[in-house]
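The values are calculated or read from the model by the stated rules, or taken from the named source; none is laboratory data. Everything quoted here is computed from the prediction, not taken from an experiment. Neighbour counts run over all protein chains shown; Cβ positions are idealised from the backbone, glycine included. Heads up: the accessible areas ignore ligands, DNA and RNA and are worked out on the full protein's heavy atoms, side chains in. Shrake-Rupley method; radii C 1.70, N 1.55, O 1.52, S 1.80 Å.
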Amino acid sequence: MSAFAVLGFAWQLSRSREFQLLGQSVARVEGARKTVALTIDDGPTAAHTEQVLAILRQYGVRATFFVIGSELERNLDGGRAIVRDGHELGNHTYSHRRMLGSSLTFIKDELETTDRLIRAVGYQGPIYFRPAYGKRFILLPYYLRMTHRTSVLWDIEPESYPDIAGSRERIVQHVLDHVRPGSIILLHVMYDSRAASRAALPDIIKGLQSRGYELVTISSLLAR
Ligand SMILES: [Zn+2]
């Protein structure tokens with residue numbers, strides 16, 4: 001293939017959420033019974049981790065936190081608290097930079113440093129990967145495959161719609177309208193700007209549970 005063809009091919013790959021060849025990737029688990037995974041991206045932050053954990057505890061829910069290595073490094077106690085409560089920690093890169101055109105050395109450092117921090121706070125389960133901005137480009141898929149990492153994306157993302165993101169009610173409604181067995185729900189609840197998402201969290205959980213859904217970690221969802 002010419003360099004141009006390779007680039008075109010890589011662009012197609014980076015756009016494909018379910019492309020399997022260059023590193024496993026999953027956005028929803030087909031055939032899962034009434035089970036869904038709640039995934040929380042970014043952080044952990046000192047400001048909001050405890051509050052989010054308290055909500056999950058109240059409803060008996062296990063979630064998966066895709067943490068940013070640099071933020072975990074600043075808030076190791078937050079990471080330990082997530083582990084203490086039995087949640088899963090995933091790798092969401094160290095710097096949260098786009099990896100378009102990044103060197104293999106940079107990618108390796110982003111992923112391995114974050115893995116080390118995740119282990120340093122006591123997490124022992126499998127570490128799934130979620131790329132920053134959902135994009136896996138050229139060398140990143142190659143590195144993911146080489147290191148046998150599974151990328152976990154999502155099929156429900158209420159905050160990606162500007163007319164929904166600012167409203168607690170609309171966030172809840174969007175999730176409940178679109179959820180299917182095996183869905184992976186993406187929420188950002190770690191920053192001050194995401195007050196609506198934090199406020200939506202209890203109603204999302206209650207709404208899913210009242211519809212008969214069990215909320216589980218990514219590992220549990222993949223195991224079903
Ligand atoms: Zn992110």
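Numbers below:
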| item | result |
| --- | --- |
| Residue in region 105-124 that is of a type in the set (D, E, K, R) and within 16 Å of the ligand (Cβ to nearest atom) present | yes |
| Enumeration of residues in region 124-139 that are assigned to a loop (DSSP other than H, G, I, E, B) and free of Cβ contacts under 8 Å to residues at least 40 places away in the same chain | Gln124, Ile127, Pro131 |
| Residue within region 65-78 that is open to solvent by 10 Å² or more (accessible area, probe 1.4 Å), of a type in the set (Gly, Ala, Ser) and within 16 Å of the ligand (Cβ to nearest atom) present | yes |
| Tabulated pairs, region 55-74, first free of Cβ contacts under 8 Å to residues at least 40 places away in the same chain and part of a helix (DSSP H, G or I), second within 13 Å of the ligand (Cβ to nearest atom) and open to solvent by 10 Å² or more (accessible area, probe 1.4 Å), C-beta under 6 angstrom, 6+ apart or interchain | Ser70/Tyr94; Ser70/Ser95 |
| Subset tally (residues that are in a helix (DSSP H, G or I) and either surrounded by fewer than 21 Cβ atoms within 10 Å (Cβ to Cβ) or of a type in the set (Lys, Arg) (or both)) for region 175-203 | 12 |
| Selection count, region 96-118, where residues are over 23 Å from Val83 (Cβ atoms), part of a loop (DSSP other than H, G, I, E, B) and under 19 Å from the mean Cα position of the chain (by Cα) | 3 |
| Leu208 being open to solvent by less than 20 Å² (accessible area, probe 1.4 Å) and under 18 Å from the mean Cα position of the chain (by Cα) | no |
| Within region 88-98, tally of residues that are open to solvent by 10 Å² or more (accessible area, probe 1.4 Å) and closer than 29 Å to Val216 by Cβ | 3 |
| Residue, farthest from the ligand (Cβ to nearest atom), within region 128-174, restricted to residues that are surrounded by 15 or more Cβ atoms within 10 Å (Cβ to Cβ) and aromatic (Phe, Trp, Tyr) | Tyr142 |
| Residue satisfying all of: in region 44-64; touching a strand residue (DSSP E or B) at 6+ places or on another chain (Cβ under 8 Å) and within 16 Å of the ligand (Cβ to nearest atom); farthest from Ser210 (Cα to Cα) among these | Pro44 |
| Among (1) farther than 16 Å from Thr114 by Cβ; (2) within 16 Å of the ligand (Cβ to nearest atom); (3) at pLDDT 95 or above - the single one Leu100 does not satisfy | (3) |
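Conditions (1) acidic (Asp, Glu); (2) under 20 Å from Ser220 (Cβ atoms); (3) in contact with a Pro (Cβ under 6 Å, 6 or more places away or on another chain), marked per residue:
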site: Ala37; (1), (2), (3): no, yes, no
site: Arg57; (1), (2), (3): no, yes, no
site: Val61; (1), (2), (3): no, yes, no
site: Gly69; (1), (2), (3): no, no, no
site: Asp85; (1), (2), (3): yes, yes, no
site: Glu110; (1), (2), (3): yes, no, no
site: Asp115; (1), (2), (3): yes, no, no
site: Tyr142; (1), (2), (3): no, no, no
site: Ser151; (1), (2), (3): no, yes, no
